[in-house]
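*Asks:* Encoded as structure tokens, here's the structure I'll be asking about.
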Amino acid sequence: FTNSCKNGDEVTGKCGMGAYYLWVTAKDTSGNTAYACSKAFVFDDSLPQAPSLTADARENVYTKEDVKITIVDNEGWDGLTGYQYSLDDGKTWVDYNDTSRVFDKTGVYNVIARSVGANGKCSDTTPVYVIKIDKDKPAPPILSANVSNGASSRDNVRITIKGGETPSGIKNYQYKLTRDDDWQDLGDGNTFEVTETGSYYVRVRAVNNVGT
């Protein structure tokens, strides 16, 4: 495009994406003419490519370890100024200016990411990467029996274990019958029977799916 202008005027024009040079012709009142050319400038209103979002933990599987996410450009796209990530489905965005972001608290994190171009435009978001962390020990379970605490019985005693809430869920229960016994896995159920004659001090605990 070609426009006439006076000193101090703002010059605008429509053009497609690409590199441009601005040529200026100046004429004084005596008819003298001078020419100047700008350095190349680039007009780009395209969207950057979505980045790659990875983590050092399996997606949607609970872990007791800290989890590090990494956001990188997987297309070699020029003109990026950085990345952002969101934990609330894009309502708020956090600048990602480091090489990693570590999650170290118990919780479920639904992470998405996007690239930010030098033109101010943002890419499409990545698919959600679900991070699940459980650093908490299970709550103490509840123990009950078919006889009163401290009472004697001539029949087998059935012990039932319930509870032990934990974010990652209960993997199994364990029990010991004396203070010095090793912990015994109960298996898939939540009950067992004491069948031998003797005095027992029954203790139980819950083991969650991350082993805490």
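*Asks:* Out of the residues in region 98-118 meeting the condition of being open to solvent by 30 Å² or more (accessible area, probe 1.4 Å) and in a strand (DSSP E or B), tell me which one is nearest to residue 135 (Cα to Cα).
*Replies:* 108
*Asks:* So how many residues does region 164-190 have that are under 40 Å from the mean Cα position of the chain (by Cα) and either open to solvent by less than 50 Å² (accessible area, probe 1.4 Å) or among the hydrophobic types (A, V, I, L, M, F, W, C) (or both)?
*Replies:* 14
*Asks:* Shifting gears a bit: Which numbered condition in (1) under 14 Å from residue 72 (Cα atoms); (2) touching a residue at least 60 places away in the same chain (Cβ under 8 Å) is the only one that residue 96 fails?
*Replies:* Only one criterion is unmet by residue 96, namely (2).
*Asks:* Condition (residue is surrounded by 12 or more Cβ atoms within 10 Å (Cβ to Cβ) and part of a loop (DSSP other than H, G, I, E, B)) applied to region 26-39: is it met by at least one residue?
*Replies:* Keep residues of region 26-39 that are surrounded by 12 or more Cβ atoms within 10 Å (Cβ to Cβ), which gives none.
Among the residues of region 26-39, not one is surrounded by 12 or more Cβ atoms within 10 Å (Cβ to Cβ) and part of a loop (DSSP other than H, G, I, E, B), which makes the answer no.
*Asks:* Something else about it: Considering only residues that are aromatic (Phe, Trp, Tyr) and part of a loop (DSSP other than H, G, I, E, B), look in region 191-204 and name the one that is most open to solvent (accessible area, probe 1.4 Å).
*Replies:* Looking at residues that are aromatic (Phe, Trp, Tyr) and part of a loop (DSSP other than H, G, I, E, B), I get 201.
*Asks:* Looking for something of a type in the set (A, V, I, L, M), farther than 24 Å from residue 134 by Cβ and modelled with pLDDT under 85 - is there at least one such residue anywhere in region 44-65? Can you show your working first?
*Replies:* First pass over region 44-65, keeping only residues of a type in the set (A, V, I, L, M): 47, 50, 53, 55, 57, 61.
Still in the running and farther than 24 Å from residue 134 by Cβ: 47, 50.
When the remaining residues are screened for being modelled with pLDDT under 85, the result is 47.
Yes, region 44-65 has at least one match.
*Asks:* Within region 123-163, which residues are open to solvent by less than 30 Å² (accessible area, probe 1.4 Å) and of a type in the set (Asp, Glu)?
*Replies:* Correct list: 134 only.
*Asks:* If residue 158 passes every condition in (1) outside any loop (DSSP other than H, G, I, E, B); (2) in contact (Cβ under 8 Å) with a residue 60 or more places away in the chain; (3) among the basic types (Lys, Arg); (4) farther than 21 Å from residue 52 by Cβ but one, which one does it miss?
*Replies:* (2)
*Asks:* Answer yes or no as to whether residue 148 is free of Cβ contacts under 8 Å to residues at least 12 places away in the same chain, of a type in the set (Gly, Ala, Ser), assigned to a loop (DSSP other than H, G, I, E, B) and over 21 Å from residue 84 (Cβ atoms).
*Replies:* Yes; evaluated as a whole, the condition is true for this residue.
*Asks:* Of the numbered conditions (1) within 30 Å of residue 109 (Cβ to Cβ); (2) touching a strand residue (DSSP E or B) at 6+ places or on another chain (Cβ under 8 Å), residue 165 fails exactly one; give the number of that condition.
*Replies:* In the conditions (1) within 30 Å of residue 109 (Cβ to Cβ); (2) touching a strand residue (DSSP E or B) at 6+ places or on another chain (Cβ under 8 Å), residue 165 misses (2) alone.
*Asks:* Restricting the first residue to region 173-191 and requiring it to be at pLDDT 90 or above, which pairs with a second residue that is open to solvent by less than 50 Å² (accessible area, probe 1.4 Å) and basic (Lys, Arg) meet a Cβ separation below 8 Å and a spacing of at least six or different chains?
*Replies:* Every condition considered, the pairs that remain are 182/176; 183/176; 184/176.
*Asks:* Only one residue in 95, 89, 136 is in a strand (DSSP E or B) and either at positive phi or modelled with pLDDT under 95 (or both). Which one?
*Replies:* Checking each option against the conditions leaves just 95.
The values are calculated or read from the model by the stated rules, or taken from the named source; none is laboratory data. Here the structure is a predicted model, which is why all the values come from computation and not from measurement. Quick reminder, even Gly has a Cβ in these numbers, built from the backbone with ideal geometry, and neighbours come from all protein chains shown. Just so you know, the surface numbers come from the protein's heavy atoms only, side chains and all, with ligands and any DNA or RNA stripped out. Shrake-Rupley method; radii C 1.70, N 1.55, O 1.52, S 1.80 Å.
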